[in-house]
Amino acid sequence: MTGRRTVLQVLSCVLFLIPITSPASAASAAGGLTIRADLTHVDSGRGFTGSELLNRMISRSRARAARLYGRHSHPYGHPATAAAAPGTVGEPSTEYLIHLAIGTPRPQHVALTLDTGSDLVWTQCASCAVCFDQPSQNFDPSASKTIRYVPCSDPICANYTDSLCNIRPDEPGDPCVYLGSYGDGSITAGKILRDTFTFKGSAVVPGISFGCGLFNKGIFDTNESGIAGFGRGPQSLPSQLKVGRFSHCFTPMLVDKPKSSPVFLGTPDDLTAHATGPVQSTPLKRNPVIPSINYYYLSLEGITVGDTRLPVTASAFAINEEDGSGGTIIDSGTGVTNFPQAVYDQLRKAFLAQVPLPVDAKASETRGFLCFSGADAEKVAVPKLVFHLEGADMDLPRENYMPVLDDGKLLCLIISSTKGNQTIIGNFQQQNMHIVYDVENSKLLFAPARCDKL
């Protein structure tokens with residue numbers, strides 16, 4: 001707690017660094033329209049080979065899985081940002097950047113990591129006292145004619161547990177100040193402001209609240225300027241836009257010229273557009289023990305490899321009724337699907353028995369995945385992989401779990417294990433799949449699709 005109060009004391013000293021006018025009003029509804037934005041992978045255009053991309057992804061995924069698992073033991077500390085912590089190995093913890101602009105009359109571009117595991121929307125500001133390097137210019141609040149501050153008396157400020165407002169409760173007119181501290185020692189803190197957001201296609205929405213990062217210290221090492229929370233809380237971007245559902249469709253990443261991926265806030269009615277298979281749905285769940293956690297939980301009931309249903313009961317994927325740990329979540333910010341060790345061991349055993357190639361021990365060790373090698377590995381038939389969800393089967397295409405690497409000589413199972421009891425369905429397994437978060441109806445819809453055509 002001492003560290004957090006130290007940061008808040010720092011923030012109290014820089015409280016008036018930003019010239020702002022009057023208090024803000026809340027965002028206007030999106031009017032039933034569908035807003036589209038582009039996503040780019042954090043490593044896109046950075047010159048990495050396919051193997052290097054996967055190595056970076058597994059490193060991020062394991063670090064993020066550890067943080068998401070540990071979150072249940074501190075459910076009330078940092079509901080807005082704890083899941084979006086920077087990586088512990090000098091790499092970003094989330095995978096895709098959403099591109100939009102803030103302010104008027106000249107909207108300023110920001111690239112925020114899309115994170116379905118957190119709620120707060122924030123970007124680094126030009127007047128930051130402590131900053132991290134980013135490729136684009138920091139957002140400059142003084143250049144916007146529509147910028148407004150959010151006072152402590154605003155309802156959205158009540159969602160921030162660590163706030164200067166809680167230290168100085170007798171000053172309701174003070175600007176709302178947020179703090180996000182992370183397990184690796186990284187910190188982001190600043191003021192909550194409101195301004196106009198501009199999306200692709202000139203969709204303009206006034207009155208969106210976001211964090212203006214003034215004190216950002218730790219491991220931030222990617223192309224981002226901040227984070228866009230897409231969780232279930234009131235601070236998230238979908239919640240503020242008052243859209244009942246949103247969706248994304250990740251284009252393949254292991255290609256020579258990766259394309260941007262679309263994200264829709266307010267999904268088009270025709271989900272069959274460019275679909276290559278049926279639309280299925282499964283319930284979105286809440287954590288009954290810790291309802292303040294805004295993850296998107298699913299009911300995973302089993303796994304099939306080839307023609308073999310793994311000898312794992314549904315309880316292995318369920319939320320622990322005593323402490324709220326475990327469960328299965330679908331997460332945009334985790335690259336690789338993670339299973340508890342006992343489940344992964346059964347999965348590995350099934351692939352060892354069914355893939356007609358020898359294990360490449362060296363490749364498996366260096367890449368962190370189970371790898372098989374052979375002169376014609378790309379021609380080898382691999383067993384199918386199906387996740388059995390409540391009321392739906394997610395039948396993964398081969399390239400979403402066992403891609404061909406090293407000029408067709410290597411096959412690797414892009415699935416990982418975690419020391420905890422939580423299962424995370426990562427975005428590598430979601431490629432070329434239109435994933436719809438129908439929050440108002442508590443359903444997840446999905447269909448295989450040509451994401452580059454949407």
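The values are calculated or read from the model by the stated rules, or taken from the named source; none is laboratory data. Nothing here was measured: the structure is a model prediction, and the numbers come from that model. For neighbour counting, all protein chains shown are included, and Cβ atoms are generated from backbone atoms with ideal geometry for every residue, glycine included. Please note that ligands, DNA and RNA were not included when accessible areas were found on the heavy atoms of the full protein model with its side chains. Shrake-Rupley method; radii C 1.70, N 1.55, O 1.52, S 1.80 Å.
Among the residues of segment 440-449, is any outside any loop (DSSP other than H, G, I, E, B), within 26 Å of residue 40 (Cβ to Cβ), at pLDDT 95 or above and open to solvent by 30 Å² or more (accessible area, probe 1.4 Å)?
Within segment 440-449 (the criterion being outside any loop (DSSP other than H, G, I, E, B), within 26 Å of residue 40 (Cβ to Cβ), at pLDDT 95 or above and open to solvent by 30 Å² or more (accessible area, probe 1.4 Å)), the answer is yes, since at least one residue qualifies.
With the requirement that a residue be assigned to a loop (DSSP other than H, G, I, E, B), open to solvent by less than 30 Å² (accessible area, probe 1.4 Å) and without any contact (Cβ under 8 Å) to a residue 60 or more places away in the chain, what does segment 294-311 give you?
The answer is 310, and nothing else.
Collect the residues in segment 240-270 that are touching a residue at least 12 places away in the same chain (Cβ under 8 Å), surrounded by fewer than 18 Cβ atoms within 10 Å (Cβ to Cβ) and either farther than 30 Å from residue 408 by Cα or of a type in the set (Val, Ile, Thr) (or both), keeping them in residue-number order.
Once the filter is applied, which keeps residues that are touching a residue at least 12 places away in the same chain (Cβ under 8 Å), surrounded by fewer than 18 Cβ atoms within 10 Å (Cβ to Cβ) and either farther than 30 Å from residue 408 by Cα or of a type in the set (Val, Ile, Thr) (or both), segment 240-270 yields 242, 244, 268.
Could you grab me the full set of residues in segment 256-285 that are modelled with pLDDT of 95 or more and of a type in the set (Lys, Arg)?
285
Can you tell me how many residues in segment 335-373 are open to solvent by less than 70 Å² (accessible area, probe 1.4 Å) and not hydrophobic (A, V, I, L, M, F, W, C)?
Matching residues across segment 335-373 total 12.
Here are the criteria: (1) in contact with a His (Cβ under 9 Å, 6 or more places away or on another chain); (2) of a type outside the set (D, E, K, R); (3) open to solvent by less than 50 Å² (accessible area, probe 1.4 Å). Tell me which single one residue 320 does not satisfy.
Tallying (1) in contact with a His (Cβ under 9 Å, 6 or more places away or on another chain); (2) of a type outside the set (D, E, K, R); (3) open to solvent by less than 50 Å² (accessible area, probe 1.4 Å), residue 320 fails exactly one: (3).
If a residue must be at pLDDT 75 or above and out of contact with any strand residue (DSSP E or B) (no Cβ under 9 Å at 6 or more places or on another chain), how many such residues does segment 165-224 contain?
Qualifying residue count for the region: 1.
Among the residues of segment 135-144 satisfying the criterion of being open to solvent by less than 20 Å² (accessible area, probe 1.4 Å) and not in a helix (DSSP H, G or I), which is nearest to residue 293 (Cα to Cα)?
139
Conditions (1) more than 14 Å from residue 212 (Cα to Cα); (2) touching a strand residue (DSSP E or B) at 6+ places or on another chain (Cβ under 9 Å); (3) open to solvent by less than 40 Å² (accessible area, probe 1.4 Å); (4) outside any loop (DSSP other than H, G, I, E, B), marked per residue:
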residue: 119; (1), (2), (3), (4): yes, yes, yes, no
residue: 123; (1), (2), (3), (4): no, yes, yes, yes
residue: 127; (1), (2), (3), (4): no, yes, yes, no
residue: 133; (1), (2), (3), (4): yes, no, no, no
residue: 146; (1), (2), (3), (4): yes, yes, no, no
residue: 153; (1), (2), (3), (4): yes, yes, no, no
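Results for (1) hydrophobic (A, V, I, L, M, F, W, C); (2) touching a strand residue (DSSP E or B) at 6+ places or on another chain (Cβ under 7 Å); (3) open to solvent by 30 Å² or more (accessible area, probe 1.4 Å), shown as yes or no for each residue.
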residue	(1), (2), (3)
375	yes, no, yes
383	no, yes, no
391	no, yes, yes
398	no, no, yes
411	yes, yes, no
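Would you check if residue 291 is of a type outside the set (Phe, Trp, Tyr) and in contact (Cβ under 8 Å) with a residue 40 or more places away in the chain? Before the answer, list the steps.
Values: of a type outside the set (Phe, Trp, Tyr): yes; in contact (Cβ under 8 Å) with a residue 40 or more places away in the chain: no.
Here the answer is no, as residue 291 does not meet what is asked.
Could you say whether any residue in segment 228-235 is open to solvent by less than 30 Å² (accessible area, probe 1.4 Å), among the small types (Gly, Ala, Ser), assigned to a loop (DSSP other than H, G, I, E, B) and closer than 23 Å to residue 428 by Cβ?
Among the residues of segment 228-235, at least one is open to solvent by less than 30 Å² (accessible area, probe 1.4 Å), among the small types (Gly, Ala, Ser), assigned to a loop (DSSP other than H, G, I, E, B) and closer than 23 Å to residue 428 by Cβ, which makes the answer yes.
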